[in-house]
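Remarks on the structure that follows.
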Amino acid sequence: MHRLARTGGTAELLRWLAWRAEGWAGIVGPDGTVLHAAARTAGAMVPDVAGLVAESASALAERGVQAYSVDTGEHTALLFPLSGFPQGGFPRSGLPQGGLSHGISPQGGSPQGVGDPAAPVLAVVTPRPVAAGLATLLADVVLPLSLCLQAETLERKRRRVDLAESRGREAVLHLLMTGQLSIAQQVAGALRPRLPDPVRVCVVECSGDDRDEVARVCVDADGGRSWIVRCPVYARHLILVMPAEDAGEKAPEPGAAPTDETVAARVGDCVVGVSEPVPLADTATGYRQAFHALAVARELPTRHARFGVSPDPALVVGPAGRRWADELLNPLLTHVPRRAQDPGSQELLATATSWLAFSSHATDHLKVHRNTLAARLRLIGELLGLDLHRLADQSALDLALRVRATPAPACTPEVPSSAPPFPYASGSSQAAGGLDAILCRPAVRDWADQQLAPVLGAEETLRTWLRCEGRLGPTAAGLDISVPGTRKRLTRLETVLQRSLLRPPSARYDLWLAFRSRDLAAPRH
């Protein structure tokens, strides 16, 4: 019994009891609901006996006895309460060999707690006559079975608490990613540790189902200073919001290695990407940087990389870029839903941000159905006058949202540009028509040159991929190579660019903007 209790718990004990009783064994709730059950053979318990077990369970609780038996023709139903038992189990003298009489109590009276209406009942149905020794066996199994049931109940409660905490941390991360800093800090106040500021965002890619173990390694590595969240989009990812080196926080130990490097060294099959130091309000930017660094780290023997490409395009668009972003997003920011149940402007902004970052995985991030996501995207496209199926309009919306999330003083001051205005792009929406003027700014051209410098002279694959809206099949056809060959080329370019291309969040929006800025600066013929 104790071996089964340790290795298989309630399920294995009931299977063993059903085999010994040559019938059926189960745990019945006070309302007659069968909570756990096992049968030696299919049909070992017939429906009328199941109803009798439920009826007898109520009688057992009402009478306050320790055992109850009911004869039903060819079967006998034996019932034992699973609460209020003495420390050493039931006295065997109260359970005569060969069968049970109705309403037997042990010598010395009923123990405290017998007859608890909320207590579950062990019910065993066995053929008549009851086998010799079966009653004693059932009395002996009550204690380990009760302990197993209590342990499993506590484990389920622990998992619910863990799930609630995990969902709370995920909600805080979602608030940070959508720029709702004050609400995130209020919610985080009920959990620990406090949210640091400034931060580095770290993404740890685990193998298999090791996220819980890797999370424990992370807590041990940094003394519990990091905000650790199980990624709601990628099942193998952990997201750490860590204090930045200049945050004024003391390391767990003097001279200790950074948390991200320690985790990469201690967990042999994980990959780690880390962002630059960013303000807590820019957690979304930090996450994108960490995700790009993760793509680079997969190709490195150390399995660890820090983001090294900067600045963000939102920092170089200047005041004119901020005015363009405000004008583009104004219909969305001022949207008032017609019905109370329809999404408002903040919900639509969060949907657009999540979809641009995670593509179809936004359903996991937002916890909505794919049809709900599609309906919201149609509404966003209509409000903004954008075709969100086109990479050009996606890039425009992504830049506008990032500019809006960037503090105004951080933007590069306006520098007069002598470049003539160009049309936005062939067939694109008129709402984003001012973007080309922004991309002509000298600061933006410098940013574009910096982004494309690593692939200078080898741009064909990227241009074809962007022209095909980031789809592998059409890109392979355009390059006249196979789809696996195209994927390998893009994977190599990820290492060269130090950016993620194939998995969202992808650098394709930045690359489209960089190529467009360079094309606008080229001499016109």
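The values are calculated or read from the model by the stated rules, or taken from the named source; none is laboratory data. Predicted, not measured: the structure shown is a model, and the values here were computed from it. Positions of Cβ are backbone-derived with ideal geometry, glycine not excepted, and every protein chain shown enters the neighbour counts. Remember, those area values only see protein heavy atoms, side chains included, never the ligands or the DNA or RNA. Shrake-Rupley method; radii C 1.70, N 1.55, O 1.52, S 1.80 Å.
The phi-based Karplus calculation (6.51 cos²θ - 1.76 cosθ + 1.60; θ = phi - 60°) puts the 3J(HN,Hα) values of region 316-321 at 10, 7, x, x, 5, x Hz, whole numbers, x for Gly and Pro.
Net charge within 13 Å of Arg492 by Cβ-Cβ distance, Lys/Arg positive one each and Asp/Glu negative one each, not counting Arg492 itself? The answer is +3. The phi torsions of region 386-392, fed into the Karplus equation with coefficients 6.51, -1.76 and 1.60 and a -60° offset, translate into couplings of 10, 9, 6, 7, 9, 4, 4 Hz, rounded to whole numbers, with Gly and Pro shown as x.
If I compute solvent accessible area with a 1.4 Å probe over the protein chains, what percent of it on region 220-373 is carbon and sulfur? Carbon plus sulfur share of accessible area: 51 percent.
Using θ = phi - 60° in the Karplus curve 6.51 cos²θ - 1.76 cosθ + 1.60, the 3J(HN,Hα) couplings for region 259-268 round to 4, 5, 5, 5, 5, 4, 6, 8, 9, x Hz; x is entered for Gly and Pro. Within region 138-215, all pairs of alpha-carbon atoms sorted by distance into 10 Å bins from zero give the percentages 14, 32, 26, 14, 9, 4, 0.
Rolling a 1.4 Å probe over the protein chains gives Asp387 an accessible area of about 60 Å².
Heavy-atom surface analysis with a 1.4 Å probe gives region 126-171 a carbon and sulfur content of 61 percent of its accessible area. For Thr76, the residues 5 or more places off, or on other chains, whose built amide H falls under 5 Å of its own are Thr126, Arg128.
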